[in-house]
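Structure, as structure tokens:
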Amino acid sequence: MVSVPKGMSPAQYLEWESYQQIRHEYVHGEIFGMTGGSIAHNTVAVNVARLLGNHLETSGSPCRVFISDVKAQITEDGPFYYPDVMVTCDERDRSAIYTLRHPCLIVEVLSPTTEAFDRGNKFADYRRIDALQEYVLFDSRKIAVEHYRRESERTWKLMLYTAEDSVHLESVRMDWTPFNAKLYYCKRCCSFGSWGMELLASSTRHKHHHRHLFARIDGSSDYMHRHSQAPALTVSDGSRNYSATRETCSNCARVETTAAAN
């Protein structure tokens, strides 16, 4: 985020912000201009909003989903944030124009420059919203979900999910599996596949770690062509062999292999 001049009251900020061409957040008296996000970040956020909206519509829910152009207002005096996705089921938000005060679900998509803030001070502010029941963080670089659910006024339960896990959102009565929900985007074929976005090769070589490779069925470090499920295969980077199995992109057959060294 890029800092802009200080000194505005919350009321002045709201008036000023309504005329700006870019979004700004108001955090404890300071105003921050919001920079643009990556394609991966935007893709995950849009897909989450789409899936939530479809679920709410088909289930006949009165709840509404909003994307990052709508502010979450923590208290009368702020802070004011732009979450990636929000859902509100509260009648008190029905007449809202620019800000929501009572969301039950907030979703943020993690990026390298914002993840510490999203997990830390921002989440501390979000917890002050009495109506908030769940806070969900999606990683934009790999299939990983952090799900916080309110259990009491001072207690939040953290659940961690990976590709194959089912995520249950109690606030909207919804279950999904990130791996199958097509939340992520395949850069190669520019479509929604069934795995993570741009999981590039890792340089980690430590014996206790895994290495990410792109593999072809003949064993070279490239792309894999498949007709159905990706079989187990052995690939080599010229110095070590790796055994790997993993689902491919459902559209172009690109494969992300989580491999262990032989």
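The values are calculated or read from the model by the stated rules, or taken from the named source; none is laboratory data. This one's a predicted model, so the numbers in the text were calculated from it and none came from an experiment. For neighbour counting, all protein chains shown are included, and Cβ atoms are generated from backbone atoms with ideal geometry for every residue, glycine included.
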Next item on the list: Check whether at least one residue in the range 88-105 is under 15 Å from SER140 (Cβ atoms), surrounded by 21 or more Cβ atoms within 10 Å (Cβ to Cβ) and either in contact with a strand residue (DSSP E or B) (Cβ under 8 Å, 6 or more places away or on another chain) or at pLDDT 95 or above (or both), and report yes or no.
Entry: no
Next item on the list: Working only within the range 158-175, note down all residues that are part of a strand (DSSP E or B), surrounded by fewer than 18 Cβ atoms within 10 Å (Cβ to Cβ) and of a type outside the set (A, V, I, L, M).
Entry: HIS168, ASP175
Notebook entry, point to check: ALA45 is checked against (1) in a helix (DSSP H, G or I); (2) surrounded by fewer than 17 Cβ atoms within 10 Å (Cβ to Cβ) and fails just one. What number does that condition carry?
Noted result: (2)
Margin query: Given (1) surrounded by fewer than 19 Cβ atoms within 10 Å (Cβ to Cβ); (2) of a type in the set (S, T, N, Q); (3) under 17 Å from ARG101 (Cβ atoms), identify the lone condition not met by GLN73.
Written below: (1)
Margin query: Can you find, within the range 106-124, the residue that is surrounded by the fewest Cβ atoms within 10 Å (Cβ to Cβ) among those that are within 12 Å of the chain's Cα centre (by Cα) and among the hydroxyl-bearing types (Ser, Thr, Tyr)?
Written below: SER111
Note to self: Take the residues in the range 61-77 that are of a type in the set (Gly, Ala, Ser) and at pLDDT 95 or above; name whichever of them is farthest from VAL109 (Cα to Cα).
What the structure shows: SER61
Next item on the list: Kindly list, by first and then second residue, each pair from a residue in the range 39-62 that is farther than 13 Å from VAL87 by Cα to a residue that is part of a helix (DSSP H, G or I), limited to pairs with Cβ atoms under 9 Å and residues at least 6 apart or on different chains.
Entry: SER59/VAL172
Next item on the list: Only one of these is out of contact with any strand residue (DSSP E or B) (no Cβ under 6 Å at 6 or more places or on another chain), at pLDDT below 95 and closer than 25 Å to ASP77 by Cα: THR114, THR162, THR177. Name it.
Entry: THR114
Item checked: Subset tally (residues that are β-branched (Val, Ile, Thr) and over 30 Å from GLU76 (Cβ atoms)) for the range 127-150 -> 2
Next item on the list: Report yes if some residue within the range 1-15 is loosely packed, with under 14 Cβ neighbours inside 10 Å, under 24 Å from LEU137 (Cα atoms), touching a strand residue (DSSP E or B) at 6+ places or on another chain (Cβ under 6 Å) and not polar (S, T, N, Q); otherwise report no.
Entry: yes
Checklist line | Failed criterion for PHE66 (all others in (1) in contact with a strand residue (DSSP E or B) (Cβ under 7 Å, 6 or more places away or on another chain); (2) over 23 Å from LYS142 (Cα atoms); (3) assigned to a helix (DSSP H, G or I) hold) | finding: (3)
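Could you pull out the residue among PHE80, PHE66 that is free of Cβ contacts under 8 Å to residues at least 40 places away in the same chain and assigned by TED's automatic domain parsing to the domain that holds ARG141? Quick ask: steps written out before the conclusion?
Details: PHE80 fails: free of Cβ contacts under 8 Å to residues at least 40 places away in the same chain.
Testing whether each residue is free of Cβ contacts under 8 Å to residues at least 40 places away in the same chain and assigned by TED's automatic domain parsing to the domain that holds ARG141 leaves just PHE66.
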Check: Can you find even one residue in the range 16-30 that is of a type in the set (Ser, Thr, Tyr), within 15 Å of VAL85 (Cβ to Cβ) and either touching a residue at least 60 places away in the same chain (Cβ under 8 Å) or touching a Ser or Thr at 6+ places or on another chain (Cβ under 8 Å) (or both)?
Finding: no
